[in-house]
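One structure is given here, and the rest of the page talks about it.
The values are calculated or read from the model by the stated rules, or taken from the named source; none is laboratory data. None of these values were measured; they are calculated from a predicted model. Note: ideal-geometry Cβ built from the backbone for every residue, glycine included; neighbour counts use all protein chains shown. SASA here: full protein model, heavy atoms, side chains in, ligands and nucleic acids out. Shrake-Rupley method; radii C 1.70, N 1.55, O 1.52, S 1.80 Å.
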Amino acid sequence: MTSFYHFNFNVLDLDRSLAFYREALNLSPVREKEAADGSFKLVFLADEGGGPFQLELTWLRGREKPYDLGECEFHLAFRTDEYDRLYARHKEMGCV
């Protein structure tokens, strides 16, 4: 049996990204891994329901240039019964 485990985004500013995912989507860190030499840090986030799917944020030391997603399509899919409330929150945050 194969099951979907996580999705990864590389991030330039880990603290800012963690704050965004906490505020916008109620995702919280559930585990972390840091390279012994400090060259990278992985932070895995999960929803408050404790489902098996996780979002992995990867931070690389020394990265100064923002990531360019180019023509690729990346997305995360969430299902909610609070669409209107979350849409309003995201508008306030400037995400929409």
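See the values below:
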{"read-out": "Looking only at the stretch 1-16, and only at residues there that are in contact with a Phe, Trp or Tyr (Cβ under 7 Å, 6 or more places away or on another chain) and outside any loop (DSSP other than H, G, I, E, B), the one that is modelled with the lowest pLDDT", "value": "6"}
{"read-out": "Subset of the stretch 17-33 (residues that are polar (S, T, N, Q) and either closer than 18 Å to residue 66 by Cα or not in a strand (DSSP E or B) (or both))", "value": "17, 26"}
{"read-out": "Of the criteria (1) of a type in the set (A, V, I, L, M, F, W, C); (2) within 20 Å of residue 19 (Cα to Cα); (3) in a loop (DSSP other than H, G, I, E, B); (4) at pLDDT 85 or above, which one residue 59 fails", "value": "(3)"}
{"read-out": "Close pairs (7 angstrom Cβ cut-off, 6 or more residues apart or separate chains): closer than 19 Å to residue 95 by Cα and aromatic (Phe, Trp, Tyr) in the stretch 19-42, open to solvent by less than 70 Å² (accessible area, probe 1.4 Å) and in a loop (DSSP other than H, G, I, E, B) anywhere", "value": "21/27"}
{"read-out": "Sole exception among (1) assigned to a loop (DSSP other than H, G, I, E, B); (2) under 23 Å from residue 91 (Cα atoms) for residue 49, by number", "value": "(2)"}
{"read-out": "Boolean, residue 24 is open to solvent by 60 Å² or more (accessible area, probe 1.4 Å) and among the aliphatic types (A, V, I, L, M)", "value": "no"}
{"read-out": "Filter result for the condition that a residue is at pLDDT 95 or above and open to solvent by less than 50 Å² (accessible area, probe 1.4 Å), over 36, 19", "value": "19"}
{"read-out": "Search result, residues across the stretch 24-38 that are under 30 Å from residue 84 (Cβ atoms) and more than 11 Å from the chain's Cα centre (by Cα)", "value": "30"}
{"read-out": "Filtered residue count, the stretch 39-58, keeping only those that are within 20 Å of residue 80 (Cβ to Cβ), of a type in the set (A, V, I, L, M, F, W, C) and open to solvent by less than 60 Å² (accessible area, probe 1.4 Å)", "value": "3"}
